[in-house]
Amino acid sequence: MIESVCVVGAGTIGSLFAGHLAQVADVSVLTRRREHADALCEHGLRISGRSDLHARVRATSDPGELPDVDLAIIACKGTDLDDAASSLAGRLPGATLMTVQNGLGAEEVVRRHGDWPLLSAITFMSGTRHSDTEVEYVLDTPTWLGPHEAAPRERAEEVAALIVSSGLKAEAFADLRPAQWSKLIFNATVNGVAALTGLPHDRHFAAENEGDGLGRLVRRLMDEGKAVAVAAGVPPGEDPWEMNIHATQRGSTHRPSMLEDVEANRPTEVESINGALVREAERTGVRAPLQRALYALVRGKEASYS
Amino acid sequence: MGCGAVGSLFAANLAQLEDVEVWAYDLSQPHVDAINAYGLRLTGAGEVAAHVRATTDPAALPTCDFGIVATKAMHTESAVTVSAPALASAAVASVQNGVGNEEVIAHHVTRVIRGTTFPAGKILEPGVVQWDVKGDTTLGPFEPSPAHIGEIERLADACTRSGMPTAAVADARPAQWRKVIFNAATNPVGALTGLTHGRVCERPDLRALVSALVGEGKAVATAQGITLDADPEELIDHAAKPEVAYDHKASMLQDVEARRETEIDFLNGGIGRFGRELGVPTPLNDAVTQLVKALEDSWH
């Protein structure tokens, strides 16, 4: 039985988990900023959009104040992951930890800081953060999870069931890596192209008919990514191109996080997404000139902030 | 045709000559009004005050011996279409950026001159142009629909006498492809990242992308039998030096910052079109073309 959950990082995704899971479990939240924790303790967490919830949560910015829990969801951005995981070292002895970062390698980063059983997860849900205590639930797409290393599959199924009972969508897999690669290829391409062009993820990304249609480039980038996945021994699960078509036909256009980051001159997750893909290409000896160009251009864009 | 910075450099200098009468056609009414009221003035690398007749009405143009097309590349078609009557018996030169301009001009006039020019500047206010850098111009026949070599030499001689050093050559393609390869390798990388030329070149991953774009452009030039007159790689490294153009923002980056339509279709897009006709793959030039066009789409 999972009766207590700690959510580490209360950005959009962390807040959506915390607000929903508080309906079915004791939820504590670890924030980076103290004012954020204070606001959550005082006002609770309000979820609007596809859910209408007001959750009471126990929040702190001091990892020493965290109670032991059954499950900890590490929902910070990839760029904050190492700091977040190191703050948990030696704590939460009874917990299973679940990573939901974009890209590859989050499990290895967490592993460096403790020997908790680990679950891998990727989430497709999205939301809009209106304030420290108010998040709108926008896309009710699922979270997929599976065991990492020797973690038992039953644990993944138990966590998926808990998430579903809280009102979110989730599914457990015996091996998450094919899905992780699908999302990696999708994210590297869509986030990178959006960050460079300023376009939200809209119909342009699927337009293949005209000679210079952006969809042609998106397809070529994804084909390169698929070749890397195959060479890495993990043929992608769902076809990233089909995911792209589906997402652009949904009606609501999504602003990828990397686009929001470059518009706000914030560091992006380019290293754990595009960097991870390009490094895998190098390791497996696959030429991926377009993905390599995309990676270099986004890193250049980040360098232009200063 | 097109009296922006480069067009103004030609117009004002040529108007200094006693044997040349210069007319300027431009869409900017304030610029045209200022030129007619106060003359066309250059300042910076050279100080020139010229009497030029300017108009926004192509029907007001007299019959001309020569035309010089200096519009942004995407405006060639409209500019030459409306001024075709005045150019009916003229030899018409492109001094524009990119490749593919002469092909467009040749739809409307029979004797076309392939041109490449390096002087640059910017409009400071209507009627006044900052002349930033002097540089050479190369003119030669546009092979499918050529001007006579004698008239190309006449135009080159007039430009040179006026202070714009210009060579008439039998094959103007090496100079043109050297410039387009340089611009296509550097402009979109600056435009997409926001980095100056020097900062692009000091990042090994971006410098490698620039080289890969140069490589595709060279392959397309080679497939046409063109031997470049200088190596774009050396020109790119030279320009990256602090005392040369380290801090220069590529014109396409300036366009993007001002949300103006870019010349991508005639730079990387042009290299891609020639590549397709010749069977030479240009995947990176195609990719940056698609990215920059998508960037333009994001403004609407």
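Read the figures in this text as sums done on the coordinates, not as results from a lab. Note that this is a predicted model, so its numbers are computed, not measured. Cβ: placed from backbone, ideal geometry, glycine included. Neighbour counts: every protein chain shown.
Based on every Cα atom in region A:44-128, Rg and the maximum pairwise Cα distance Dmax equal 13.9, 38 Å. Annotation: aspartates and glutamates with alpha-carbon distance below 18 angstrom to residue B:134 (same-chain offsets under eight excluded): B:47, B:157, B:243.
Based on Cα coordinates alone, diagonalise the gyration tensor for region A:222-278, multiply each eigenvalue by 5, take square roots, and list the semi-axes in whole Å, largest first.
Working: eigenvalues 110, 72, 8 Å².
Square roots of five times the eigenvalues give 23, 19, 6 Å.
If one takes the longest principal axis of the Cα atoms in chain A, at what angle in degrees, from 0 to 90 and to the nearest 10, does the Cα axis of helix A:153-165 lie? With rounding to tens, the tilt is 80 degrees.
Whats the longest run of chain B with zero GluC sites (Glu not before Pro) that are DSSP loop and have at most 10 other Cβ atoms within 10 Å?
Values: sites that count: B:18, B:47, B:243.
Here the longest segment lacking exposed loop sites spans B:48-242.
When the square roots of the Cα gyration tensor eigenvalues are ordered a ≥ b ≥ c, the ratio a/c for region B:151-235 is 1.5 or more and a/b does not exceed b/c, which makes its shape oblate.
Highest GNM mean-square fluctuation among A:92, A:214, A:118, for chain A modelled with Cα contacts below 10 Å: A:214. Histogrammed with a bin width of 5 Å, the alpha carbon distances of region B:24-117 distribute as 3, 14, 22, 22, 20, 14, 6, 1 percent, first bin at zero.
Do you know the relative contact order of region A:161-301, to the nearest whole percent, from alpha carbon pairs under 8 angstrom that are 6+ apart?
Working: 173 pairs, mean separation 45.2, N = 141.
This gives 32 percent for region A:161-301.
Give me the distance between the Cα centres of region A:228-255 and region A:3-66, rounded to whole Å. When both Cα centres are located, 30 Å separates them. Look at the alpha carbon pairs under 8 Å that are at least 6 residues apart: their mean separation over the length of chain B gives a relative contact order of 15 percent. Dividing the mean sequence gap of close Cα pairs (under 8 Å, 6+ apart) by how many residues region B:1-97 holds gives a relative contact order of 30 percent. Each 5 Å bin, from zero up to the one with the longest distance, holds this percent of the alpha carbon pairs of region A:77-203: 2, 10, 17, 20, 21, 17, 9, 3, 1, 0. Taking the longest Cα principal axis of chain A as reference, the axis of helix A:214-231 is set at about 70 degrees.
Computed from Cα atoms, the angle from the helix B:149-162 axis to the main principal axis of chain B rounds to 80 degrees. Over all pairs of different C-alpha atoms, the protein assembly as shown has a mean inverse distance whose reciprocal, the Kirkwood radius, equals 27.1 Å.
Please give the length that would be gained between residue B:17 and residue B:260 if that part of the chain were fully extended, namely 0.36 nm times their separation in residues minus their C-alpha to C-alpha distance (nm, one decimal).
The span from residue B:17 to residue B:260 would gain 84.0 nm if fully extended.
Once you have a ≥ b ≥ c as the square roots of the Cα gyration tensor eigenvalues for region B:209-300, tell me rounded if a/c is under 1.5, and otherwise prolate or oblate according to whether a/b is larger than b/c. It comes out oblate by the Cα gyration axes. One equal scatterer on each Cα of region B:64-221, no solvent, Debye formula: the resulting log10 I(q)/I(0) at q = 0.09, 0.19, 0.21 Å⁻¹ is -0.34, -1.22, -1.34.
Stretching the chain fully between residue A:174 and residue A:153 yields a gain of 6.9 nm (0.36 nm per residue, less the alpha carbon separation).
With 24 Å as the limit, write out which pairs from B:72/B:241; B:122/B:179; A:77/B:293; B:241/B:293; A:77/A:169 have Cα-Cα distances beyond it, or answer none. Don't skip to the end; give the middle numbers.
On the way: B:72/B:241 28 Å; B:122/B:179 19 Å; A:77/B:293 31 Å; B:241/B:293 30 Å; A:77/A:169 21 Å.
Over 24 Å apart, Cα to Cα: B:72/B:241; A:77/B:293; B:241/B:293.
When all alpha-carbon pairs of chain A are counted, what percent fall beyond 34 Å?
Values: 8824 of 46665 pairs.
Roughly 19 percent, rounded to a whole number.
Given the protein assembly as shown, what percent of its DSSP beta bridges are antiparallel, to the nearest 5? If we restrict to bridges inside the protein assembly as shown, about 40 percent are antiparallel. Restricting attention to region A:48-172, close to 45% of DSSP beta bridges with both partner residues there are antiparallel. As a calculated quantity, the FRET efficiency between residue B:47 and residue B:230 at R0 = 30 Å, using C-beta atoms, amounts to about 0.50. Straight-distance candidates among the lysines for linking to residue A:226, with alpha-carbon spacing under 19 Å and chain neighbours fewer than 8 residues away dropped: A:183. Report Rg(Cα)/(2.2 N^0.38 Å) for chain B, keeping two decimals. Taking N as the residue count of chain B, the ratio is 0.97.
Only beta bridges with both residues in chain A are counted; by DSSP, about 35 percent of them are antiparallel. When chain A is modelled as a GNM with alpha-carbon springs shorter than 10 Å, which of A:225, A:251, A:14 fluctuates the most? Fluctuation is largest for A:251. For region A:1-78, the C-alpha radius of gyration divided by 2.2 N^0.38 Å, with N the number of residues, is 0.98.
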